[in-house]
Amino acid sequence: MAAGVGKTYAMLKAAQDRLTEGIDVVVGTVDTHARLETEALLTGLPIIPRKKIDYRRTAFEEMDIDVILARRPRLVLVDELAHTNIPGSRHPKRWHDVIELLDAGIDVYTTINVQHIESRKESVESITGVRIRETVPDSILERASQIVLIDITPAELLKRLTDGKVYLGDMAESAARNFFQEDRLTALREIALRLTAEKVDDELQGMITIRTSDAGWKSTERLMVAVSHSPFSEGLIRATRRLAYGLGAPWIGVYVDTGLVLSNQDRACLAKNLSLVRELGGEVLSTADTDIAQALDRIARQRDVTQLVVGRPTRRWFSDAFRGGTVLDRLVRSSSGYDVHVLRQDAKPPSKARRQYRVEGESAGMAYGSVLLATIVVMILSTLVLPVIGYRAVGFLFLLMILGLGSFVSIGPIMVAAVLSTLIWDYFFIPPYGTILISAPEDIAMCVAYLMTAVTTGTLTYRIRKRERMLRLREERTRALYEIVQLMAAGRDKTAIMTEVAGKLGAVVNGECSVVPSSADGRLERRTLPSRPWCTDDKEWAVAQWAFEHRQAAGWSTDTLPSAAGMYIPLKGTAETVGILAFHPDTAKRLLQEEDNLLATVARQLAMSMERELLQERARQAERLAESERLYQTILNSISHEIRTPLTAIIGSATALQDNGIIANVENRDKLLRELTGNAERLNRVVSNLLDMSRLSSGVLSLKRDWHDINDLIARAVGQHRDALANHTIVARVPQKFPFVYVDFGLFEQAISNLLINAAAYTPPSTTIEIEARADDNAITLTISDNGPGIPSDSLPHLFDKFYRVPGTPAGGTGIGLAITRAVIEAHEGAITVDNRPGGGAVFAIRLPNKQQPDVPDDSGGQ
């Protein structure tokens, strides 16, 4: 219930019990206040040294969370949960440190006084008259697995204060005069007891639900609270949270953006209120509408809200008359499906604050100056044309001025213009002149009607302009989001897409955005960052790294490392973090809720897009790996025979040649040598094909192209494999003065050789293999035809696939010769096709582009 009851003592005693049980316990931070009995309980407990932080030339000590995370104990002691960390710490509050420890899997014992609990803050302030500046959200207590109430009577606590066991010297006297009074301590004790009872009751209800067979009774209540940039919203939020907790119901905090231009102080207050909603376990919604009551009613109906909590509005008779009453009046009239709770304000805001929330910030001195200037100009113009149009028509000139001003200034200057123009019209133009008195009744009625018309039309014009501005802003953000989604769906280069997305997003939220993807091994590498000034800052990089590793936003305007210059939002996919979105604002103004939501939305879209691309790449890698494994097995199955056969023949021939009797027989010796040479060449072809296929697949093989005669290529291919083609007749038909081909001689000769050897292997002996070359203006075509059995029609599309062999063919061959041929031809910008001849056999056609021929010297010797 208060300081001095012995909570730190109780925590240390419990820690000693855990240490006795063999649990790894360390002291993160404990303040004993120099009490001997408390310091004695530290004996035997490992203490983590505190981290020193320099702030304003003074050294301070804070809990070193990095050392604790590296040490990874089972249990850590953290005293004073509501403590505010020194600026420069990782987190602004100690309870943020505790959350990080819990997320790392480390249990925590911690202490707190009831006045520091967020939902009880206002109650304690009203009881004690002391403003509570440090609070802890109720969600932290809800996360606790056990709460121990350290309770003593107020009389005993006052006696401890008198004995100097709570505070010493002047602090004890000040506490006795203010906080430590028996009636106040009794009230605080009641709050602490009630809070503990609520926690116990909630746990009991959970146990009953688990033990019963049915799901138990569930609340159908849903609460909603209206949140604004007013400091009184804090009280509404806390009250709504208490109501929701008591009902066991979910609750929502709604902010309605009416287009009001907020100052930096107002933005900070709004961000604080919305953050309080999140901390207390509520859901935050924001919407844009010029009518607050209409927006709240719409959301309440959409979300099936049963209870709406609002503050009591300040009545403004003039503006309420135009709007149909206050926000509360309009809500009550439209609230048929939910109850409206109106909460009082404990104190009236100072006059400056009231003006701040009533007058719109865009009505600055320049706007009032423009009104004055426009009124003077119209007055001079009216003076010049008065003899022509009469004093009654002057009112229409002023009314046109009001309509024009409504398109440029806000409601405040419009009201001033309406009243000022009425007075000028009355004083200078309506008889009697030079006085505000009006003699004719019809002129009085006309003047009053003018004032009402001017105010009404000016107000309506302003509202139309305001709604138009909101719609335009919403359209810009929607269009930006649409364009960003379109970019991410385009499937272009990832780096270019991220750069464009960052540029479009930065233009909308008025700052510099950068997208930093993670590396292939899932780490955020500094070398992958674009060239941005913040990239070279070690402190900024450390914040970005922390956001990436802990999967939560950090940096400027957040609760984690807020002293950083930029905000770093992790791009969280469904399974992992794929990068960060860095935002550096152009100004120090906090982001509006809509801008915050836009950043979060784009971050989610980016994360999904990048994760999808990452998963697709991993799927492709897995597919390639599976294909590689399949090819590996195929190689072993097909090549083992193709290598073993010639190798066995070579070994047999070599062994036979060791016999002196065989060597003496010239005929047998020559036969064995021919077999040895033929099998060696066959083995060499297999190995060469494998190496060429490996180089072609990896892209290592480069072409050495030059101009060559097609006859030389054919002759070389036939001559290289004379033995393999000995049983076939080779007929080559190449026209005279045939164009040169621009090819790599060695690779193209190998492609022709593979086609010739393939034709010889699958056609009967003594048949003819025909080679024919043709040329036209666009292409050079080389065909190789045989008279074999042809190729089955279902095998034609797969004939050039790696390791593919036509089913039913005799054993022998690796199935990569034709694949190498196609790879070589395509590397030369050509194409190869295969088809069956009408009379039987197959025909392979190589088609190369007919490039411009080189200048060839004249071989005739003429001059």
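So which of I784, I780, I791 ends up being assigned to a strand (DSSP E or B), under 14 Å from V843 (Cα atoms) and modelled with pLDDT of 85 or more?
Within the list I784, I780, I791, the selection yields I784.
Listed here are the residues, each with its yes/no results for (1) out of contact with any His (no Cβ under 6 Å at 6 or more places or on another chain); (2) assigned to a strand (DSSP E or B); (3) closer than 30 Å to K851 by Cα; (4) open to solvent by 30 Å² or more (accessible area, probe 1.4 Å).
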position	(1), (2), (3), (4)
D706	yes, yes, yes, yes
A717	yes, no, yes, no
D723	yes, no, no, yes
A726	yes, no, no, yes
L747	yes, no, yes, no
R774	yes, yes, yes, yes
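Can you pull out every residue in segment 216-269 that is crowded, with 22+ Cβ neighbours inside 10 Å and without any contact (Cβ under 8 Å) to a residue 40 or more places away in the chain?
Passing the criteria: A244, W251, G253.
Inside segment 93-126, can you point out the residues that are in a helix (DSSP H, G or I), within 19 Å of G281 (Cα to Cα) and among the β-branched types (V, I, T)?
The answer is V98, I99, V114.
The rows are residues; the columns are (1) at negative phi; (2) loosely packed, with under 11 Cβ neighbours inside 10 Å; (3) among the hydrophobic types (A, V, I, L, M, F, W, C); (4) in a helix (DSSP H, G or I).
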{"position": "Q16", "(1), (2), (3), (4)": "yes, no, no, yes"}
{"position": "L19", "(1), (2), (3), (4)": "yes, no, yes, yes"}
{"position": "G28", "(1), (2), (3), (4)": "yes, no, no, no"}
{"position": "T32", "(1), (2), (3), (4)": "yes, no, no, no"}
{"position": "E39", "(1), (2), (3), (4)": "yes, no, no, yes"}
{"position": "I53", "(1), (2), (3), (4)": "yes, no, yes, no"}
{"position": "A59", "(1), (2), (3), (4)": "yes, yes, yes, no"}
{"position": "V67", "(1), (2), (3), (4)": "yes, no, yes, yes"}
{"position": "P73", "(1), (2), (3), (4)": "yes, no, no, no"}
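Does A845 satisfy the criteria of being among the small types (G, A, S), open to solvent by 20 Å² or more (accessible area, probe 1.4 Å), at pLDDT 85 or above and in a strand (DSSP E or B)?
yes
For segment 784-806, check the following and say yes or no: at least one residue is of a type in the set (F, W, Y) and either within 17 Å of A831 (Cβ to Cβ) or over 60 Å from the mean Cα position of the chain (by Cα) (or both).
Within segment 784-806 (the criterion being of a type in the set (F, W, Y) and either within 17 Å of A831 (Cβ to Cβ) or over 60 Å from the mean Cα position of the chain (by Cα) (or both)), the answer is yes, since at least one residue qualifies.
Name the residues in segment 134-170 that are in a loop (DSSP other than H, G, I, E, B), open to solvent by 60 Å² or more (accessible area, probe 1.4 Å) and modelled with pLDDT under 85, would you?
Those that are in a loop (DSSP other than H, G, I, E, B), open to solvent by 60 Å² or more (accessible area, probe 1.4 Å) and modelled with pLDDT under 85: D163, K165, Y167, L168.
Is there a residue being at pLDDT 80 or above and part of a loop (DSSP other than H, G, I, E, B) anywhere in segment 510-518?
Taking every residue of segment 510-518 in turn, at least one turns out to be at pLDDT 80 or above and part of a loop (DSSP other than H, G, I, E, B).
Can you name every residue in segment 848-863 that is charged (D, E, K, R) and either at pLDDT 90 or above or more than 17 Å from D777 (Cα to Cα) (or both)?
Scanning segment 848-863 gives D855, D858, D859.
Of all residues in segment 277-286 being under 23 Å from the mean Cα position of the chain (by Cα) and at negative phi, which is most open to solvent (accessible area, probe 1.4 Å)?
The qualifying residue most open to solvent (accessible area, probe 1.4 Å) is R278.
Based on what the data block shows, is D339 open to solvent by 40 Å² or more (accessible area, probe 1.4 Å), out of contact with any helix residue (DSSP H, G or I) (no Cβ under 9 Å at 6 or more places or on another chain), at pLDDT 55 or above and acidic (D, E)?
Yes; evaluated as a whole, the condition is true for this residue.
With the requirement that a residue be assigned to a helix (DSSP H, G or I) and of a type in the set (G, A, S), what does segment 403-454 give you?
G404, G412, A417, A418, S421, A445, A449, A454 - these are the residues of segment 403-454 that are assigned to a helix (DSSP H, G or I) and of a type in the set (G, A, S).
Considering segment 85-132 alone, what residues qualify as being of a type in the set (S, T, N, Q) and open to solvent by 50 Å² or more (accessible area, probe 1.4 Å)?
T110, S126
Checking the conditions here, which among T587, T560, T574 is among the hydroxyl-bearing types (S, T, Y), open to solvent by less than 30 Å² (accessible area, probe 1.4 Å) and assigned to a loop (DSSP other than H, G, I, E, B)?
Matching residue, one of T587, T560, T574: T560.
Return the residues of segment 443-457 that are more than 60 Å from the chain's Cα centre (by Cα) and either open to solvent by 20 Å² or more (accessible area, probe 1.4 Å) or within 16 Å of G406 (Cα to Cα) (or both); say none if nothing qualifies.
Residues satisfying the conditions are I444, A445, M446.
Can you find a residue in segment 263-274 that is not acidic (D, E) and not in a helix (DSSP H, G or I)?
The answer is yes; a qualifying residue exists.
Restricting the first residue to segment 425-444 and requiring it to be more than 18 Å from F398 (Cα to Cα), which pairs with a second residue that is surrounded by 13 or more Cβ atoms within 10 Å (Cβ to Cβ) and of a type in the set (V, I, T) meet a Cβ separation below 6 Å and a spacing of at least six or different chains?
Once the first residue is more than 18 Å from F398 (Cα to Cα) and sits in segment 425-444, its partners that are surrounded by 13 or more Cβ atoms within 10 Å (Cβ to Cβ) and of a type in the set (V, I, T) give I438/I430; I438/I444.
Quick test of your reading of the structure: L81 fulfils all but one of (1) buried (at least 19 other Cβ atoms within 10 Å of the Cβ); (2) modelled with pLDDT of 90 or more; (3) farther than 29 Å from W556 by Cα. Name the failing condition by number.
(3)
Restricted to segment 429-439, and to residues that are touching a helix residue (DSSP H, G or I) at 6+ places or on another chain (Cβ under 9 Å) and over 17 Å from M401 (Cα atoms), which residue is most open to solvent (accessible area, probe 1.4 Å)?
Residue satisfying both the conditions and the ranking: Y433.
The values are calculated or read from the model by the stated rules, or taken from the named source; none is laboratory data. From a predicted model like this one, the values you see are computed outputs, not experimental measurements. Note that each Cβ is placed from the backbone with ideal geometry, even for glycine, and that neighbours are counted across all protein chains shown. Areas reflect the complete protein model, heavy atoms only, side chains present, ligands, DNA and RNA absent. Shrake-Rupley method; radii C 1.70, N 1.55, O 1.52, S 1.80 Å.
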